[in-house]
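What follows is a short report on a single structure.
The values are calculated or read from the model by the stated rules, or taken from the named source; none is laboratory data. The shown structure was predicted, so the numbers you read here are calculated from the model rather than taken from an experiment. Because the Cβ atoms are built from the backbone with ideal geometry, glycine has one as well, and the counts that use them run over all protein chains shown.
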Amino acid sequence: MADRSPIEWTQATWNPTTGCDRVSVGCDHCYALTLAARLKAMGSGKYQHDGDPRTSGPGFALTVHPAALDVPRRWRAPRMIFVNSMSDLFHAKVPLTFVRDVFAVMADTPQHTYQMLTKRAHRLRRVADRLDWPSNLWMGVSVENAEALERVEDLRNVPSAVRFLSCEPLLGPLDGIDLTGIHWVIAGGESGAEARPPDPMWIRRLRDTCTSSDVPFFFKQWGGRTAKSGGRTLDGTTWDEYPAPAAAVS
């Protein structure tokens, strides 16, 4: 849990689950896996190895943390909170009852705005009608290249107040993407020692699609060895657009 987040489009992080495993090429240089190993070495109880050789990394097996559910209730001032920066709530190993518990906490804390991302859009769509969707939840899917565009269609069928795309790391063009029913798009390059740089035209064409579709566009970073290596201006402009509900959170 972090009450201050270095992620440009949010203010705090909340991890009621930790751990994950690979879904697609967007996972290949997972920052969360690297960070989990570092936290394990520092003695963090959430990331101690569970002894299962099948896990995707040291201490990165999917784990639910019921004790973390009350954290947002202790934050009185309104925050924009990224849910599960170190996991995926729609992982198959997260019981639906626990997903409902997380949704209930969000409903009980309307002073906050919650942002949640998944790559497991098929499960998201399958269980969506079995969840009570709070009005302060923004639901998003990760879309790193054209092979992931089916996640957008799954998201379109989810009754979230705000539906958004995280096109980061952007690993290929998204030409022809349909933004019908999508309220926000984040784009960015990858960071880290093995960062795969995006073609600037991929970013520009995505921005232009957002502009022509009247969808707010947020450009997070060019990426590189560090997140700030390449800066975050696109054609001389810093793109910090948000969907309208963001105005409620200072």
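Counting just the residues of the range 227-240 that are crowded, with 16+ Cβ neighbours inside 10 Å and either assigned to a loop (DSSP other than H, G, I, E, B) or in contact with a Gly (Cβ under 9 Å, 6 or more places away or on another chain) (or both), which one comes out modelled with the lowest pLDDT? It would help to see each step written out before you state the result.
Of all residues in the range 227-240, those crowded, with 16+ Cβ neighbours inside 10 Å come to 227, 230, 232, 234, 239.
If we keep only those that are either assigned to a loop (DSSP other than H, G, I, E, B) or in contact with a Gly (Cβ under 9 Å, 6 or more places away or on another chain) (or both) as well, we get 227, 230, 232, 239.
Details: A227: 85, G230: 92, R232: 96, W239: 98.
Here the answer is A227.
Which residue, of L174, L170, is in contact with a Pro (Cβ under 7 Å, 6 or more places away or on another chain), within 27 Å of N157 (Cβ to Cβ) and either part of a loop (DSSP other than H, G, I, E, B) or among the charged types (D, E, K, R) (or both)?
Details: L174 fails: in contact with a Pro (Cβ under 7 Å, 6 or more places away or on another chain).
Criteria check complete, one pass: L170.
Please specify each residue of the range 104-115 satisfying the condition of being surrounded by fewer than 17 Cβ atoms within 10 Å (Cβ to Cβ) and in a helix (DSSP H, G or I). Quick ask: steps written out before the conclusion?
Start the filter on the range 104-115 by keeping residues that are surrounded by fewer than 17 Cβ atoms within 10 Å (Cβ to Cβ), which leaves 104, 107-108, 110-111.
Within the range 104-115, A104, A107, D108 qualify.
Mind checking which pairs have a first residue in the range 170-184 that is over 17 Å from P216 (Cα atoms) and a second that is acidic (D, E) and part of a loop (DSSP other than H, G, I, E, B), Cβ under 8 Å, 6 or more apart or different chains?
Within 8 Å, the pairs are L170/E144; L171/E144; L171/E190; G172/E144; P173/D199.
Can you pull out the residues in the range 93-150 that are among the aromatic types (F, W, Y) and more than 18 Å from the chain's Cα centre (by Cα)?
Correct list: F98 only.
Please find, within the range 148-196, the residue that is surrounded by the fewest Cβ atoms within 10 Å (Cβ to Cβ) out of those that are out of contact with any Gly (no Cβ under 9 Å at 6 or more places or on another chain) and acidic (D, E).
Residue satisfying both the conditions and the ranking: E194.
Would you tally the residues in the range 141-162 being among the hydrophobic types (A, V, I, L, M, F, W, C), under 21 Å from Y242 (Cα atoms) and touching a residue at least 40 places away in the same chain (Cβ under 8 Å)? Steps first, please.
Our first condition is that a residue be among the hydrophobic types (A, V, I, L, M, F, W, C); within the range 141-162, this holds for 141, 143, 146, 148-149, 152, 155, 158, 161-162.
When the remaining residues are screened for being under 21 Å from Y242 (Cα atoms), the result is 141, 143, 152, 155, 158, 161-162.
From what is left, the residues that are touching a residue at least 40 places away in the same chain (Cβ under 8 Å) are 161-162.
Of the residues in that region, 2 qualify.
Can R205 be described as over 19 Å from the mean Cα position of the chain (by Cα), of a type in the set (K, R) and not in a strand (DSSP E or B)?
On the way: over 19 Å from the mean Cα position of the chain (by Cα): yes; of a type in the set (K, R): yes; not in a strand (DSSP E or B): yes.
Taking the combined requirement at face value, the residue satisfies it.
Kindly indicate the residue of the range 78-103 that is in a helix (DSSP H, G or I) and not acidic (D, E) and also surrounded by the fewest Cβ atoms within 10 Å (Cβ to Cβ) among those meeting that condition.
If we take residues in the range 78-103 being in a helix (DSSP H, G or I) and not acidic (D, E), then T97 is surrounded by the fewest Cβ atoms within 10 Å (Cβ to Cβ).
Is it the case that G181 is assigned to a loop (DSSP other than H, G, I, E, B) and more than 22 Å from E153 (Cβ to Cβ)?
Criteria not met by G181.
Mind checking whether some residue in the range 126-140 is of a type in the set (S, T, Y), in contact (Cβ under 8 Å) with a residue 12 or more places away in the chain and over 17 Å from S24 (Cα atoms)?
yes
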